[in-house]
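Peer 1: Dropping the structure in here first, questions after.
What follows draws every value from the coordinates through simple rules; no lab data is involved. Predicted model, so just to flag it, every value in this text is computed and none were measured. Here the Cβ positions follow ideal geometry from the backbone for every residue, glycine too, while neighbour counts run over all protein chains shown.
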Ligand SMILES: [Zn+2]
């Protein structure tokens, strides 16, 4: 008998898709219910991340020891997985940025890794549990049946990929070896591989040209909890992640596309491309705001105006903890002058 859903045949992997989408819906409802409940409270970003990890993620990842190994773990394809799209939606929601902002930049701003890595951790622990269960249990029987045909078991294949591709399943499934697997080390290795992928991927994303120069450490950005003014913090995030309307960005949109050299600043007569560096460091329109704020920066960082462009840009975009609040004020003042005044 063939099972169908909305007229489509359900294959074993298809039914997993339906289950994963149902989990996403459930987790999504929980996320928005929490948001509705606390609509009048500004929940700090760290607390939001805790809520996601402790409340939302367990709902979304239910049974991921089983369906997780069936999913595509290459990072480019994983980003389209329903559970990761939920994760990206959450990151955008708490950063208050638009949907078109690249997922890899939103995660990086919060120092978060793709949920595929958490799935790997759960799968490894589950596999170890099966291998080390007493021989008279069903768990042990399940492990034995997988060992008979490891190439057909997605869980075995994932464990092999993560541990040592040179070993066979028999090598690593011996109980003594299974109990010695260092899960934390394997997961750290996965995170390091993701960071390499992130570095290479961002080199190909012209939208993240500015972000690449300021983002030095893959961790939760300090300004997200030191800048108290939510509006100013939100504006700073937007300029860091290129979610703004400078000519450089506007000219990238399909409806108003222009070659990079024609994305000229319309607010001054220099004829320069309106990049983040031009907006924050050179454009005449904001010279008064710049003068006032640069004096304040100079009091905290002596010799501030003589720093090179990359360093200045990094400080002005909140990369340095001690001046993050001042940076948020400066960027917000320029933004108001440009887009509102
Ligand atoms: Zn200008």
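Peer 1: For the chain, what is the largest minus smallest coordinate of the Cα atoms on each principal axis, given in angstrom and ordered from greatest to least?
Peer 2: Its Cα atoms span 78, 49, 42 Å along the three principal axes.
Peer 1: Using 1/(1 + (r/R0)^6) with R0 = 41 angstrom and r between the beta carbons of residue 132 and residue 209, what's the FRET efficiency to the nearest 0.05?
Peer 2: For R0 = 41 Å, the calculated efficiency reads 0.25.
Peer 1: Which distance in Å, rounded to a whole number, links the C-alpha centroids of region 89-158 and region 221-249?
Peer 2: What the calculation gives is 32 Å, centre to centre.
Peer 1: Still on this structure, please answer the following. By how many nm would the segment from residue 125 to residue 308 lengthen if fully extended, with 0.36 nm per residue of separation less the alpha-carbon distance? Write down the numbers at each step before the final one.
Peer 2: On the way: separation 183, 0.36 × 183 = 65.88 nm, distance 4.85 nm.
Net length gain for the segment: 61.0 nm.
Peer 1: For region 223-340, what relative contact order do you get, as a whole percent, if you take Cα pairs closer than 8 Å and at least 6 residues apart?
Peer 2: Numbers: 126 pairs, mean separation 35.3, N = 118.
After rounding, I find 30 percent.
Peer 1: So what is the relative contact order for the chain, in percent, with contacts set as C-alpha pairs under 8 Å and at least six apart?
Peer 2: 14 percent.
Peer 1: With labels modelled as points extended 7 Å from the Cα through the Cβ direction, what inter-label distance (nm, one decimal) is found for residue 93 paired with residue 230?
Peer 2: With each label point 7 Å from Cα toward Cβ, the separation is 1.5 nm.
Peer 1: What is region 223-340 by shape, rounded, prolate or oblate, if you read a ≥ b ≥ c off the alpha carbon gyration tensor as root eigenvalues and call it rounded for a/c under 1.5, prolate for a/b larger than b/c, and oblate otherwise?
Peer 2: prolate
Peer 1: What is the packing order of peptides 210-221, 328-339, 232-243, taking the mean over residues of other C-beta atoms within 10 Å and listing the highest first?
Peer 2: So the order, starting with the most tightly packed, is 232-243, 328-339, 210-221.
Peer 1: Pull out the extension gain between residue 193 and residue 339, defined as 0.36 nm times the separation in residues minus the alpha carbon to alpha carbon distance; nm, one decimal.
Peer 2: Values: separation 146, 0.36 × 146 = 52.56 nm, distance 4.05 nm.
Stretched fully, the residue 193-residue 339 segment lengthens by 48.5 nm.
Peer 1: Same structure, new question: Can you tell me the orientation of helix 115-131 relative to the chain, as the angle in degrees between its alpha-carbon axis and the longest Cα principal axis, to the nearest 10?
Peer 2: Once rounded, one gets 20 degrees.
Peer 1: Quick check: pseudo-label points 7 Å beyond the Cα along Cα→Cβ at residue 32 and residue 255, how many nm apart are they?
Peer 2: It is 2.4 nm.
Peer 1: Considering only 66, 315, 41, give the residue with the highest GNM mean-square fluctuation for the chain, with springs between Cα atoms whenever their separation is below 10 Å.
Peer 2: Among 66, 315, 41, the largest mean-square fluctuation in the Gaussian network model of the chain belongs to 41.
Peer 1: For n ≥ 4 DSSP H runs only, could you compute -39500 (n - 2.57) per run for the chain, divide by its residues and tell me the 222 nm figure to the nearest 500?
Peer 2: On the way: 20 runs with 194 residues, N = 341.
Dividing the helical sum by the residues of the chain leaves -16500 deg cm²/dmol.
Peer 1: What is the helix-to-structure angle for 324-335, meaning the angle in degrees between its Cα long axis and the longest Cα principal axis of the chain, kept from 0 to 90 and rounded to the nearest 10?
Peer 2: Roughly 60 degrees, rounded to the nearest 10.
Peer 1: How much length is gained on full extension from residue 39 to residue 218, taking 0.36 nm per residue of separation minus their Cα-Cα distance?
Peer 2: Between residue 39 and residue 218, full extension yields an extra 61.5 nm.
Peer 1: Of 228, 290, how do they rank once you tally other Cβ atoms within 10 Å and put the fewest first?
Peer 2: 228, 290
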